[in-house]
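This report refers to the structure that appears directly beneath it.
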Amino acid sequence: MPSPEQWTRPEPGAGPAATAAEPTPEQVIAGLRATTEGGAELTQLLTPEGERIPSAMFDPYVTDVDAEALRGLYRDMVLVRRADREANAMQRQGQLGIWVPLLGQEAAQVGSGRALQARDMAFPSYREHGVAYTRGVDFRELLGIFRCTDHGGWDFQRHGFHPYTIVIGNQVLNAAGYAMGQKFEGKVGDDDNAEATICYFGDGATSQGDVHEGFVWAAVYDAPLVFFCQNNQWAISEPTERQSRLPLYQRARGYGFPGLRVDGNDVLGCLAVTRWALDECRRGNGPVLIEAFTYRMDAHTTTDDPSRYRLSDELEVWKHKDPIERVRVHLARSGGADQTFFDDVDAEADRFAAELRDFCFNMPDPPPERLFENVYSEPSPVLDAQREEYLSYLAGFGAGEH
């Protein structure tokens, strides 16, 4: 009979997790959440109180993060949150068809996004607005998706950021294939031109077959792929403990590659852990699974009402772990920033939101020929003929009738 300890926190190297006996609900919940801080295996460099915690393993990956760099990460998170809140408000006003909030997940996205190098590729789901921002994608391009005027018009090769994927988990297969291509083309190794791929998905996606197939293919081919799971505790209306008996990061052991859990509200920790994982991949050591233990502070989308399935007490607990506030406190206490800096960032965020609002309210409808742009990398006679036929068809209507 397996012991409760095997369910609550099986240690790496202690043998396989128990499978023969049914755990109690209490054991399942204890194993998945352990504590509201993420359990004993949680990697954390910056506490909710703004205290810096040393880490022999991960400190070498953030030696370049001085006060100036930390101010930059703080600014990133503030701007991303302000843009997210503005987009959420615009959806409520009928300017966007839907919006997918990222409130509470700014550190996971900004930290991991800033860990990427220019030659790396990121595959998002539909909530990675913060990652898009760090990859240089114009936030206005994101608004077009949710206003239903386009499917994402940025150059994904130039930005190293693939288009959004709505089908749950499908991006994991796409990322696995791309990373396998990097391996086949010899783009891994110890040289400075090595590449890696990162793929983002939520805790709910781990219940999809596509994710597990991606794990298998990446493991078998030692693909340079970081699986970045943002465990925000809720897959729409289902908590994590309804989907897995073990903490999600431990699933990597079954596929033969490393898995680790980081405080997803700690931007410094996310930056360090992701840099380490990307380096592992670039050197040819195969894939890595990162579980960023965070919390979705808002609805799954603007069509969701989270008050129907979770308690307000839970939300209040996580407010004390706010990813932005802990950086603010650390900077203030360490003398890394003064009130003028914080006020300037807030003012910049307000200007950023105003620009987005003005753009969204005055966003022109795209011309019909845009439907045929960027379909293929080279000219296609068949596509050209379809475009001409469609435009000719539209021209047969009077102005404003189509």
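Observations
- Think of each Lys and Arg Cβ as +1 and each Asp and Glu Cβ as -1; about the Cα centre, that makes the dipole of the chain roughly 580 debye.
- Subtracting the Cα-Cα distance of Tyr393 and Ile166 from their residue separation scaled by 0.36 nm leaves 78.6 nm.
- Residues Glu316, Glu51, sorted so that the one with the fewest Cβ neighbours within 10 Å comes first: Glu316, Glu51
- Per-residue Karplus couplings for segment 130-139, computed as 6.51 cos²θ - 1.76 cosθ + 1.60 with θ equal to phi - 60°, are listed in order as x, 5, 4, 4, 5, 8, x, 6, 4, 4 Hz, Gly and Pro entered as x.
- About its Cα centre, the dipole of segment 61-196 is roughly 620 debye, where the only charges are +1 on Lys and Arg Cβ and -1 on Asp and Glu Cβ.
- Taking a ≥ b ≥ c as the square roots of the eigenvalues of the Cα gyration tensor, segment 24-361 is classed as rounded, since a/c falls below 1.5.
- Spatial separation of Cα centroids for segment 274-335 and segment 190-205, in angstrom: 18 Å
- The stretch between Glu51 and Gln339 holds 101.8 nm of extra length on full extension. This uses 0.36 nm per residue minus the Cα-Cα distance.
- Along the axis of the charge dipole computed for the chain (Cβ charges of +1 for Lys and Arg, -1 for Asp and Glu, origin at the Cα centre), the listed residues Ala83, Tyr390, Ala108 are led at the positive end by Ala108.
- The ranking of Val262, Val220 from fewest to most other beta carbons within 10 Å of each one's beta carbon is Val220, Val262.
- Dividing the helix sum by the residues of the chain, where each DSSP H run of 4 or more adds -39500 (n - 2.57), gives a mean residue ellipticity at 222 nm of -13000 deg cm²/dmol.
- Between segment 123-154 and segment 53-117, the alpha-carbon center distance in angstrom: 14 Å
- Note on the chain: with a GNM built from Cα contacts shorter than 10 Å, the maximum mean-square fluctuation among Glu378, Glu86, Glu141 falls on Glu378.
- Least to most buried among Phe359, Phe227 (fewest other Cβ within 10 Å first): Phe359, Phe227
- Percent of alpha-carbon pairs separated by more than 16 Å within segment 93-220: 64 percent
- Options His320, Ala347, Ala332, ranked by Cα towards positive dipole end of segment 313-352, top entry (Cβ charges): Ala332
- Distance (nanometres) between label positions extended 7 Å along Cα→Cβ at Glu314 and Val216: 3.2 nm
Quick note: the coordinates plus some simple rules give every number you see, no bench work behind them. Note that this is a predicted model, so its numbers are computed, not measured. All Cβ positions, glycine included, derive from the backbone under ideal geometry; neighbour counts span all protein chains shown.
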